[in-house]
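Reviewing the structure listed below.
The values are calculated or read from the model by the stated rules, or taken from the named source; none is laboratory data. Since this is a predicted model, take the numbers as computed values, not measurements. Note that each Cβ is placed from the backbone with ideal geometry, even for glycine, and that neighbours are counted across all protein chains shown.
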Amino acid sequence: MTRVWQWNRPVTVREVLEDLQQERSIAYTTVMTVMDNLHQKGWVRREVDGRAYRYTAVSTRAAYSAALMNEAWSLSDNPAAALVAFFGMMSAEQREALQDAVRMVSPNPAETAPGGPAETALGNPAEPTADAAGDDVPTDDATPESGR
């Protein structure tokens, strides 16, 4: 799927094969089987182009990632705690991107204004937040970098 998403256009098995062969040895039939499996599972659609198929992603990588996050969140027995833990793992850049995303989907600009609910929920990385007992809890500085 990564190759299909990267190209963002209909691709043939041969194109995917040639791209993968730049990194490792792989058989045409292996790529063909994987592409067929992706089609059977509904991840890609295909159309005939001469004697070959051209495969196109049904969904974007961003939509797939969002669905994974939504599924993981919905499986939590405590969704609010899961979100707090997730926000705590985010880098400053990721939190900024999330705040931008909240602004894009928010129907009320006041909700995303500085000090509004979106910023309060995501926290300001320069300021500590309070835990349930009212104690200050450091944001990024207390979490060791994961190296990712």
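Filtering region 70-102 down to residues that are touching a helix residue (DSSP H, G or I) at 6+ places or on another chain (Cβ under 8 Å) and exposed (fewer than 14 other Cβ atoms within 10 Å of the Cβ), which residue is nearest to Asn8 (Cα to Cα)?
Checking each candidate, the answer is Ala72.
Of everything in region 27-66, what is at pLDDT 95 or above and exposed (fewer than 14 other Cβ atoms within 10 Å of the Cβ)? Give them in sequence order.
Across region 27-66, the qualifying residues are Ala27, Tyr28, Thr29, Thr30, Thr33, Asn37, Gln40, Glu47, Val48.
Select from region 7-57 the residues that are among the polar types (S, T, N, Q) and in contact with a strand residue (DSSP E or B) (Cβ under 7 Å, 6 or more places away or on another chain) and list them in ascending order.
Passing the criteria: Thr12, Thr56.
Which of the numbered conditions does Gly115 fail, given that it passes all the others? Conditions: (1) part of a loop (DSSP other than H, G, I, E, B); (2) at pLDDT 90 or above; (3) loosely packed, with under 13 Cβ neighbours inside 10 Å.
Among (1) part of a loop (DSSP other than H, G, I, E, B); (2) at pLDDT 90 or above; (3) loosely packed, with under 13 Cβ neighbours inside 10 Å, Gly115 violates only (2).
Checking His39 against (1) in a helix (DSSP H, G or I); (2) over 24 Å from Ser65 (Cβ atoms), which single condition isn't satisfied?
Every listed condition holds for His39 apart from (2).
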